[in-house]
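Below: one structure, written as structure tokens.
Derivation of every value follows stated rules applied to the coordinates shown; laboratory data play no part. Since this is a predicted model, take the numbers as computed values, not measurements. Here the Cβ positions follow ideal geometry from the backbone for every residue, glycine too, while neighbour counts run over all protein chains shown.
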Amino acid sequence: MTINIRATGMELTPAIRQYVEDKMNTLEKFAHDIIMIDVVAGMDTNHHNKGEIYSCAVNVEVKGEVLRVERNAEDLYKAIDKVKDHLRETLAQRKEKLMGNRHEGEES
């Protein structure tokens, strides 16, 4: 699994890089067929709210599919956590669906 990380509107510090890598590596528990994860994290300058708004967008490439999740928050770490949580749920649902299809095929 390859993790590509880039920042927009801010510097990608080693701490942020490590945090993103740690969070994205936990997704392997839910899908062993992840090929690549692309993460774009940074300041969202086109947001209607006042103050600093951070965004995190992630594309996860798994066999035959690309899953995309994007979340905004007032804190970069919260935005990363929101994306990870949503991806975890999506990958768990995908795994259940695939396992269900596999079991249905065995019964026939």
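The table that follows gives values for the structure above.
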item	result
Pairs where the first residue, in the stretch 11-30, is more than 15 Å from residue 75 (Cβ to Cβ) and the second is among the polar types (S, T, N, Q), C-beta under 9 Å, 6+ apart	30/90
Selected residue (criterion: farthest from residue 20 (Cα to Cα)) from residues of the stretch 62-94 that are touching a Cys at 6+ places or on another chain (Cβ under 6 Å) and among the β-branched types (Val, Ile, Thr)	83
